[in-house]
Amino acid sequence: MDVNFTGVWLLLITLGLVAITIVAYPFIKKITNLYWFWMPISILLLIYMIYFRFFQDFSDFWKMKDKTGIVASKALLLDLCPFCAFMIPIFLIIDPTRKIASVLAFFAIFGGLVTYIGGFCINSGGTTVDAKWDWHWILIGDEPNSMYFMIHFILLFFGPLIILNTKRTFWKDACSGICFILLYFGYVLIMVHTFSVTNNATGLVPGDWNEWGEYGAVDNLLHLSFPYIVPVAFGLVTLFILLVMYLYGLLQKNKQYIYNYSNKNLFIL
């Protein structure tokens, strides 16, 4: 297992930008709370991702007579991160309250962070892509993983800002999150069996857990065989996300006490 220091620097830069955004939030929230702030950003992100990634995926899928394998996975958004990257801007456009997008944002942040670490920072097989200081690779990416970095940057950067700008109720968020993941898994399973997908299906196929699969590193940690590893791994992930939702809800509920204690506007969320 080798460390890719370019990937580490990209992770630190991204987290630094996220931290700056969170610190600046009290001063920009009047703008970022507006629907008209998110709508043009969402439209631009959709155009950007469709042009450089999704259009080619859909085109390849449409042209193929045998619509199976990785082509089907990419076109049908069977991997959670591309799905979130595509759907969050759509929900930001059609839902001014940002409720649905904010629930997806919790999963997007987790998926983006895991991919940064396992895909860019640590070379351990699987879907690891060598991170490099190259603007073309950063902004557009190389085939067959177009926009591999930017998709996860978008999730990790915009996810926290979406959550900060949405009023939260833990139990509603928890129920919505569980419903989302169950519905999404149901969709993925139907597509997997319909198009005989063998890889890149959010862990719902054996190929995702082998040495070169996208969750191969997780398989090495848990030492469970497919399919038993699926409910264990994603059960732990869901519990972690629910815990983050709960802690963030507590923080929001008690933000006035935090402000009074700190006596600094900087800490108002």
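Some notes on this structure:
- The residue that is surrounded by the most Cβ atoms within 10 Å (Cβ to Cβ), among those in the range 47-98 that are free of Cβ contacts under 8 Å to residues at least 40 places away in the same chain and part of a loop (DSSP other than H, G, I, E, B), is L77.
- Filtered residues of the range 138-149 (kept if open to solvent by less than 40 Å² (accessible area, probe 1.4 Å) and touching a helix residue (DSSP H, G or I) at 6+ places or on another chain (Cβ under 6 Å)): I138, G141, S146, M147, F149
- Cross-chain or 6+ apart pairs with Cβ under 9 Å, the range 181-195 first and free of Cβ contacts under 8 Å to residues at least 12 places away in the same chain and farther than 14 Å from C84 by Cβ, then open to solvent by less than 50 Å² (accessible area, probe 1.4 Å) and part of a helix (DSSP H, G or I): T194/A72
- Members of the range 150-179 found to be surrounded by 17 or more Cβ atoms within 10 Å (Cβ to Cβ) and over 30 Å from D134 (Cα atoms), listed by number: I163, L164, N165, T166, R168, D173, A174, S176, G177
- Unique residue being within 17 Å of the chain's Cα centre (by Cα) and aromatic (F, W, Y) when the list is F37, F5, F54: F54
- Looking at Y248, Y184, just one residue is assigned to a helix (DSSP H, G or I), at pLDDT 85 or above and either open to solvent by 90 Å² or more (accessible area, probe 1.4 Å) or not hydrophobic (A, V, I, L, M, F, W, C) (or both), and that residue is Y184.
- Pairs where the first residue, in the range 30-42, is open to solvent by 60 Å² or more (accessible area, probe 1.4 Å) and the second is outside any helix (DSSP H, G or I), C-beta under 8 Å, 6+ apart: N33/N165
- Qualifying residue in the range 109-116 (condition: in a helix (DSSP H, G or I) and either in contact with a Phe, Trp or Tyr (Cβ under 6 Å, 6 or more places away or on another chain) or over 30 Å from L251 (Cα atoms) (or both)): no
The values are calculated or read from the model by the stated rules, or taken from the named source; none is laboratory data. Just so it is clear, the structure is predicted and the values come from calculations on it, not from any experiment. Note that each Cβ is placed from the backbone with ideal geometry, even for glycine, and that neighbours are counted across all protein chains shown. The accessibility values were calculated without ligands, DNA or RNA, using every heavy atom of the protein model including side chains. Shrake-Rupley method; radii C 1.70, N 1.55, O 1.52, S 1.80 Å.
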